[in-house]
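Worksheet for the structure shown next.
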Amino acid sequence: MRQPQRPGAGLDVALFVTCLVDMFRPSVGFAAARLLEDAGCRVVVPEAQTCCGQPAYNSGDRADAVDIARRVIEAFEGYDHVVAPSGSCGGMIAHHYPALFADDPAMKARAEALAARTHELTTFLVDVLGVAPPAVRCEATATYHDSCSGLRELGVKAQPRKLLAGVEGLTLVEMKGAEICCGFGGTFCVKYPDISNAMLDDKLADIEATGADTLLAGDLGCLLNMAGKLQREGRPVKVRHVAEVIAGMADEPAIGEPAP
């Protein structure tokens, strides 16, 4: 019997791992690769990849942001799609790279071409490939935090929820203020720690009010920010990246938990 063709069959997809995933939570990268391969994509992880340049861009260091963007463009040209398990890094490439080269028509065209092929992971799976919810299991009552850049720059909202709806054993409970920033904001938490901490207090209160035992999101920066304070305050909420759950890798220790 012929097997039905998988939606990503024949597509060369470059995985933009992101700095935080590479340094703090490699399992998110492996989960993303598993999801893309399960969809039939040929996944490549370009070795020349580096930071997307967002810290420099947000700090007003335009020269370094342009230099980094040029390197990313060179490293990721030639693939059908570029996918990142991060709305923040995906938003940087898709929205801000073309503007960085406004005075360089040739590079601006290359930046726009890359921007058009760059996607956040769950939007690529749902909107581009039309992947059905996965047949995996995760016993949890979870709530979902909508990360700012993914939501506002890339429209990441329904896609992760659609995929999570297919996870057996998982109940998703929406929190009040799911779309409100957790206070991370990249360099914002460093520049304005008092404001950031107050925003995080509000976020944790909203999480706790749901009664959920698990917090999910699609950006590791937000997850590390929230997981850190949840642990410091002894709140028993497990924190995971959405890719780990929909890839069936939720048996790994949660973010911040020690390895067995």
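Overview of results
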read-out	value
Residue ID - farthest from Thr143 (Cα to Cα), chosen from residues in region 195-226 that are polar (S, T, N, Q), open to solvent by less than 40 Å² (accessible area, probe 1.4 Å) and part of a helix (DSSP H, G or I)	Ser196
Check on Arg6, modelled with pLDDT of 95 or more, open to solvent by 10 Å² or more (accessible area, probe 1.4 Å) and farther than 22 Å from Ala115 by Cβ	no
When residues of region 76-88 are limited to those that are open to solvent by less than 20 Å² (accessible area, probe 1.4 Å) and in a helix (DSSP H, G or I), the one nearest to Gly221 (Cα to Cα)	Gly87
Residue match in region 227-247 (condition: among the acidic types (Asp, Glu) and crowded, with 19+ Cβ neighbours inside 10 Å)	yes
Scan of region 5-64 for residues that are among the small types (Gly, Ala, Ser) and either in a helix (DSSP H, G or I) or without any contact (Cβ under 8 Å) to a residue 12 or more places away in the chain (or both), ordered by number	Ser27, Gly29, Ala31, Ala32, Ala33, Ala56, Gly60, Ala63
Of residues in region 164-192 being outside any loop (DSSP other than H, G, I, E, B) and open to solvent by less than 70 Å² (accessible area, probe 1.4 Å), the one farthest from Asn58 (Cα to Cα)	Gly169
Extreme residue, farthest from Glu37 (Cα to Cα), among residues of region 118-142 that are part of a strand (DSSP E or B) and more than 16 Å from the chain's Cα centre (by Cα)	Thr141
Count - residues of region 125-134 that are open to solvent by 10 Å² or more (accessible area, probe 1.4 Å), aliphatic (A, V, I, L, M) and within 15 Å of Gly150 (Cα to Cα)	1
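Residue-wise test of (1) surrounded by 20 or more Cβ atoms within 10 Å (Cβ to Cβ); (2) in contact (Cβ under 8 Å) with a residue 40 or more places away in the chain; (3) out of contact with any Gly (no Cβ under 9 Å at 6 or more places or on another chain); (4) more than 15 Å from His81 (Cα to Cα).
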residue: Leu100; (1), (2), (3), (4): yes, yes, no, yes
residue: Ala111; (1), (2), (3), (4): yes, yes, yes, no
residue: Ala116; (1), (2), (3), (4): no, no, yes, no
residue: Thr123; (1), (2), (3), (4): yes, no, no, no
residue: Val136; (1), (2), (3), (4): no, yes, no, yes
residue: Lys157; (1), (2), (3), (4): no, no, no, yes
residue: Arg161; (1), (2), (3), (4): no, no, yes, yes
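The values are calculated or read from the model by the stated rules, or taken from the named source; none is laboratory data. None of these values were measured; they are calculated from a predicted model. All Cβ positions, glycine included, derive from the backbone under ideal geometry; neighbour counts span all protein chains shown. Each accessible area value is taken on the protein alone, full model and side chains, heavy atoms only, with ligands, DNA and RNA left out. Shrake-Rupley method; radii C 1.70, N 1.55, O 1.52, S 1.80 Å.
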